[in-house]
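The structure under discussion appears below in the form of C-alpha cells.
The values are calculated or read from the model by the stated rules, or taken from the named source; none is laboratory data. Fair warning: this is a prediction, and the values are worked out from it, not measured in the lab. Every residue, glycine as well, gets a Cβ built from its backbone with ideal geometry; the counts of neighbours run over all protein chains shown.
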Amino acid sequence: MPSNQKPTQNPTIDTMEVPTFTVREANAMIPFLNERMGRMLQVHGLIRMTYLRLDEMGCAPDDDDFAVDDVAADSDALSELGTLRALVDTLQDDLVAITETGCQVKSVESGLVDWVAIEDNRQILLCWKYGETAVSHWHELDDGFAGRQPVELLQDCL
C-alpha cells in the first residue's frame, strides 16, 4: 500500500496525484508481483507464438484491439484468433491488476516494475525485476534500469 507521503515539486510529473511507496511497502508486494508477473511472462510468450502462427496464415491482427468475429478467415485461423484474444485479455487483466496497486510496469518482457518514492524531497523510482527476492535498487526518474543504485544509499523511503 502507498505511504501517506505526497509527491513534492517535480517538473516531470507536474501536479498529478501519484501514490508513493517505501521500500518496505514495495517489498510487501513482491509475492503478488511474482505470481502476476510470472503468469504475464508465460502469456506473453504464448501471445508471440500464436501471433507468429497467425502471421504465417496471413491473419495476424495489426494491434491488440481486434475482434475475432470481424475477421474473414478459415476455422483454424479463427481458432488461433480466439486463442490470441483470450491471451491478450489475460495479459491486460494482469497488467491492470498490477497497475491498480500503484506499481508501474515498465516492461512485461523483462519483468520490470517501478514504484514512485520520495527521497530528499524529490521523486525517485524504486526498481524491481522479476526473479529478484526484494526491491534492492532505485533510480532517478529519467535514468531507467541502467541507472539503478542500491537502496542502501537511501535514507527517507526505507
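Restricting attention to region 130-147, does a residue exist that is among the acidic types (Asp, Glu) and within 14 Å of the chain's Cα centre (by Cα)?
Within region 130-147, the subset among the acidic types (Asp, Glu) is 132, 140, 142-143.
Filter again for within 14 Å of the chain's Cα centre (by Cα), leaving none.
No - not one qualifying residue is present in region 130-147.
Taking interchain pairs and intrachain pairs at least six residues apart, which have beta carbon atoms under 6 angstrom, with the first residue in region 27-40 and without any contact (Cβ under 8 Å) to a residue 40 or more places away in the chain and over 23 Å from residue 87 (Cα atoms) and the second part of a helix (DSSP H, G or I) and not aliphatic (A, V, I, L, M)?
Partner pairs satisfying both residue conditions: none exist.
Among the numbered criteria (1) acidic (Asp, Glu); (2) modelled with pLDDT under 95; (3) under 30 Å from residue 124 (Cα atoms), which one does residue 63 miss?
It is condition (3) that residue 63 fails.
Identify, by number, the condition in (1) surrounded by 14 or more Cβ atoms within 10 Å (Cβ to Cβ); (2) at negative phi that residue 102 doesn't meet.
Answer for residue 102: the failing condition is (2).
Kindly establish whether residue 60 is touching a Leu at 6+ places or on another chain (Cβ under 7 Å), part of a loop (DSSP other than H, G, I, E, B) and hydrophobic (A, V, I, L, M, F, W, C). Quick ask: steps written out before the conclusion?
On the way: touching a Leu at 6+ places or on another chain (Cβ under 7 Å): yes; part of a loop (DSSP other than H, G, I, E, B): yes; hydrophobic (A, V, I, L, M, F, W, C): yes.
It is true that residue 60 is touching a Leu at 6+ places or on another chain (Cβ under 7 Å), part of a loop (DSSP other than H, G, I, E, B) and hydrophobic (A, V, I, L, M, F, W, C).
For region 42-55, which positions are modelled with pLDDT under 95 and either within 16 Å of the chain's Cα centre (by Cα) or surrounded by fewer than 14 Cβ atoms within 10 Å (Cβ to Cβ) (or both)?
Once the filter is applied, which keeps residues that are modelled with pLDDT under 95 and either within 16 Å of the chain's Cα centre (by Cα) or surrounded by fewer than 14 Cβ atoms within 10 Å (Cβ to Cβ) (or both), region 42-55 yields only 55.
Okay, residues lined up against (1) among the acidic types (Asp, Glu); (2) at pLDDT below 95; (3) over 20 Å from residue 26 (Cα atoms):
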{"site": "78", "(1), (2), (3)": "no, yes, yes"}
{"site": "82", "(1), (2), (3)": "no, yes, yes"}
{"site": "86", "(1), (2), (3)": "no, no, yes"}
{"site": "96", "(1), (2), (3)": "no, no, no"}
{"site": "135", "(1), (2), (3)": "no, no, no"}
{"site": "155", "(1), (2), (3)": "no, yes, no"}
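Would you mention how many residues in region 72-100 are under 17 Å from residue 61 (Cβ atoms), in a helix (DSSP H, G or I) and either among the aliphatic types (A, V, I, L, M) or in contact with a strand residue (DSSP E or B) (Cβ under 6 Å, 6 or more places away or on another chain) (or both)?
So the count comes out to 8.
With the condition kept exactly as written, say whether any residue in region 66-87 is basic (Lys, Arg), surrounded by 18 or more Cβ atoms within 10 Å (Cβ to Cβ) and touching a residue at least 12 places away in the same chain (Cβ under 8 Å). Can you show your working first?
Looking only at region 66-87, we keep the residues that are basic (Lys, Arg), and these are 85.
Right, trim to surrounded by 18 or more Cβ atoms within 10 Å (Cβ to Cβ) and you get none.
No, region 66-87 contains no residue that is basic (Lys, Arg), surrounded by 18 or more Cβ atoms within 10 Å (Cβ to Cβ) and touching a residue at least 12 places away in the same chain (Cβ under 8 Å).
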